[in-house]
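> To start, I am sharing the structure in question, which I have written as structure tokens.
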Amino acid sequence: MKLRFHRYAFLAVCLIAMQIAMMLPVFADDAAASMDEIIKYESVNYNVPGIAVSIVKDGKILYEVTQGMADLSQSAPLNAETTAIQTGSIGKVLTTMALLKLLSQQSIDLDDTISGYLIDAYIPDASLTFRDLLQHTTGIPSVRADTAEMMNPLEHEPLKFSDYAGDFMTDYRHRAVLSPGEDTIYSNVGTVLAGLLIEALSNTPYEQYVAESILEPLNMQMSASFLMGTSTDLASVAKGYHIFGGEQTEQPPFKSKLIASEDFVTTTSDMTTLLQDMTRSAYARADYRDMFTRQVSAYDDLLGRSLGFSIKQDEGVDLFLQDGGIPGETSRMFFIPELGLGVFIWYNSDATALRDELTDEILSLYAQDAAHHTNSVLANFDEGEYQDLIGAYAPMNISTETIERVTKIIRQIRVSETTGGLVIDKVMYEPIGNSVFYSEADDNYARFIFDDSNKLEYLVIDNTYYQRVGMFESIFFEMLVLFLAALFNFIAVIFLSARWDSLRVNRINGTPRAVLLLETLFSSGSLGLIVWIALRYNAWLVVFNAGSSTMWVKVTGIIAGILYIPSIIMLGRGTTDFRWRGGTTFIFRMLLAFNLLLLIWMWRYNFI
């Protein structure tokens, strides 16, 4: 009897185990079917030409899709094996992997300074460590001007990463806005330095080392060939598109000069292979272990950085994440190490909101078992408590050495107080901690940082640092100066046209009016071009250095500057003639006063 009971019990356990085993694929199939529907819906909703998504867990592929069009003009479909896609800053992950491998092989500590490994001309601060470069604590803002060309990324060219990177490090001063190690500030400078260190430590070109030591061992052959410039004729390049009003506008080709930081050309199949290796070896290998371990914390662990990844909570789950993008293409790679889960998203559209939508959907399907954290709003919020935080803020982590400096005006934000929290850049943020605020609408955090004397230093939103600016640096004042300069130049042109014949001066005849007319025309030309640039301004124009308008601002500004002193002299001569009445003198004095402010403004923002 007892034996029969054990036999039945054993049979029951076997049947239950078989049932569970049969159910697991059903759950996987249900999730995959749901993902198919989500991608189908979102592709139509965002009017995306082509899309690729890979989801891997513990080295096994849970979901993989590559569908749609790579090139609308050629009716060329996306191909997982042969279509070259560009992932932008995801290249930073490969650079991190390569440098960590070299440091491990040569027993170099992450906290060693880099000064003994590179020439002094490349090093902006002798105290920088390897860790600073890989966790973005150099304190140096990105410099993006002239870092890419409008050409096919697979097109071979004689100049290599080291040529461009050497010029990049020596052409600019790369002044820090934070002390090294003080806090994270996302920057391409540290990753460019990491690429140069890879060459110095391996005595091998960056392209060759990454291809032979990282990509080829993983059998990422297409990616290796793209990097080495030996790609086969089988490969075609996906085109990027700007989507607006239902129109899909093809974007210019993009070839990065700083590939260690700004781009990684690959295929969706190769990216799936990379996910498999990184999720399979997440804790087995020391270099991956450092990449999946929090190194820097912020917002009470709501955000932070590891070596190579940002750490961000999304839907209450900690993601180790790296975003990327080029004109018309958007990508994201993220991991949940506790689940051994890795995800890659790419599509050829600049609609970054789709990336967030897909991330949320994937988490809801595949990350139910991850540890979830919640943000609780402070209950004892008192209106007026944050009065000291309101005002205008300008971004800090942009270069002040190029035209990028104008971003300090164009990207200014305003902070105001409202019932229940703050309105930052027109978005509601609620307090969730000491000087930490959360926006449910944007799923983003804002943190105010104070010095030891409790004086406000920075506002940090996502990866951007802001500093509060006074009235004379606010966008209102800057625009007022430009408006008044434009107004008096306009009045001067009208006045000169109406009274041209009467504005003569004894002995020197029409010289004063001619000089003042030229000064007015060239200053007006500069103002018109500045307005044109402001209306068209975007980061990619800066990256491409596609600044024909900028060049003409410089030309007209320099000529206006050259004419400025003669204009003052000629105005002085004109005031000695009775035909130059008080009103005439006033108009031209105001014109020259505001044109001087205009010249100072153009110099300050690197137009001249």
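The values are calculated or read from the model by the stated rules, or taken from the named source; none is laboratory data. Worth saying up front: this structure is predicted, and the values here are computed from it rather than measured. In this analysis, Cβ positions are derived from the backbone assuming ideal geometry, glycine residues included, and neighbour counts consider all displayed protein chains. The area values use the complete protein model at the heavy-atom level, side chains included, leaving out ligands, DNA and RNA. Shrake-Rupley method; radii C 1.70, N 1.55, O 1.52, S 1.80 Å.
> Taking all pairs of different Cα atoms in the chain, averaging 1/r and flipping that mean, what Kirkwood radius in angstroms comes out?
Values: mean 1/r = 0.0365 Å⁻¹.
Over the chain, the inverse of the mean reciprocal pair distance is 27.4 Å.
> Would you mind checking the tilt of helix 2-45 against the longest principal axis of the Cα atoms of the chain, expressed as 0 to 90 degrees and rounded to 10?
Orientation of helix 2-45: about 20 degrees from the principal axis.
> Given a Förster radius of 41 Å and the C-beta distance between Asp29 and Lys426 as r, what FRET efficiency does 1/(1 + (r/R0)^6) yield to the nearest 0.05?
For Asp29 and Lys426, the calculated efficiency is 0.40.
> Take the residue pairs Lys257/Lys408; Lys92/Lys455; Lys92/Lys255; Lys255/Lys312; Lys40/Lys312; Lys92/Lys257 and return only those whose Cα atoms are more than 23 Å apart.
Where the Cα-Cα span goes over 23 Å, the pairs concerned are Lys257/Lys408; Lys92/Lys455; Lys255/Lys312; Lys40/Lys312.
> Right, next: Given contacts defined as C-alpha pairs under 8 Å and at least six residues apart, what's the relative contact order of the chain, whole-number percent?
14
> Report, to the nearest 10°, how far helix 548-574 tilts away from the longest principal axis of the Cα atoms in the chain, using its own Cα long axis and a range of 0 to 90°.
In the chain, helix 548-574 runs at an angle near 20 degrees to the longest axis.
> Just to confirm my numbers, what's the Cα centroid distance between the stretch 473-504 and the stretch 73-124 in Å?
51
> Could you tell me the center-to-center distance, by alpha carbons, between the stretch 140-154 and the stretch 196-216 in angstrom?
If we compute the Cα centre of each part, the gap is 21 Å.
> For the stretch 208-251, what's the relative contact order in percent, using C-alpha pairs closer than 8 Å and at least 6 residues apart?
24
> Modelled label-to-label distance, Glu155 and Glu81, 7 Å Cα→beta-carbon offset: nm?
If labels sit at Glu155 and Glu81, their model points lie 2.9 nm apart.
> Using DSSP to define loop residues, name the trypsin sites (Lys or Arg not before Pro) in the stretch 433-526 whose beta-carbon has at most 11 other beta-carbon atoms within 10 Å. Can you show the working numbers first?
Working: sites: Arg447, Lys455, Arg468, Arg499, Arg504, Arg507, Arg513; in loops: Lys455, Arg499, Arg504, Arg507.
Answer in residue order: Lys455, Arg507.
> Which percent of the accessible heavy-atom area of the chain goes to carbon and sulfur, probe 1.4 angstrom?
It is 56 percent, rounded to a whole number.
> Taking the highest mean first, how do the peptides 335-348, 120-133 order by number of other beta carbon atoms within 10 angstrom per residue?
With the highest mean Cβ count within 10 Å placed first, the list reads 335-348, 120-133.
> To continue, here is another question. Taking R0 as 22 Å, what FRET efficiency do you get between Glu440 and Tyr537 from their Cβ-Cβ distance, rounded to the nearest 0.05?
0.15
> Relative contact order for the stretch 112-196 using alpha-carbon pairs under 8 Å, separation at least 6, rounded to a whole percent?
Worked out over the stretch 112-196, it gives 47 percent.
> Compute the acute angle (0 to 90°) between the alpha-carbon long axis of helix 475-498 and the principal axis of greatest extent of the alpha-carbon atoms of the chain; round to the nearest 10°.
40
> Given a Förster distance of 41 angstrom, what is the FRET efficiency for Asp577 paired with Leu484, based on the Cβ-Cβ distance and rounded to 0.05?
It comes to 0.90.
> Say a paramagnetic label sat at a point 7 Å from the Cα of Ala353, along Cα to Cβ; which residues of the stretch 429-461 have their backbone N under 11 Å from it?
Within reach of a label on Ala353: no residues.
> Next question. Please report the accessible area of Arg579 (heavy atoms, 1.4 Å probe, ligands and nucleic acids excluded) in Å², nearest 10.
The accessible area of Arg579 comes to roughly 70 Å².
> What is the gain in length, in nm to one decimal, between Ser127 and Ser73 on full extension, counting 0.36 nm per residue of separation less the C-alpha to C-alpha distance?
Computed gain between Ser127 and Ser73 is 14.3 nm.
> Kindly write out, for the stretch 243-259 in residue order, the coupling ³J(HN,Hα) from the Karplus curve 6.51 cos²θ - 1.76 cosθ + 1.60 (θ = phi - 60°), rounded to whole Hz, with x marking Gly and Pro.
The phi angles translate into 10, 7, x, x, 8, 10, 9, 5, 9, x, x, 9, 10, 6, 7, 10, 5 Hz.
> Something else: Of the listed peptides 589-599, 561-571, what is their order by residue-averaged count of other C-beta atoms within 10 Å, with the highest listed first? Don't skip to the answer; put the middle values down first.
Numbers: 589-599: 19.0, 561-571: 17.2.
Ranked by mean Cβ neighbours within 10 Å, highest first: 589-599, 561-571.
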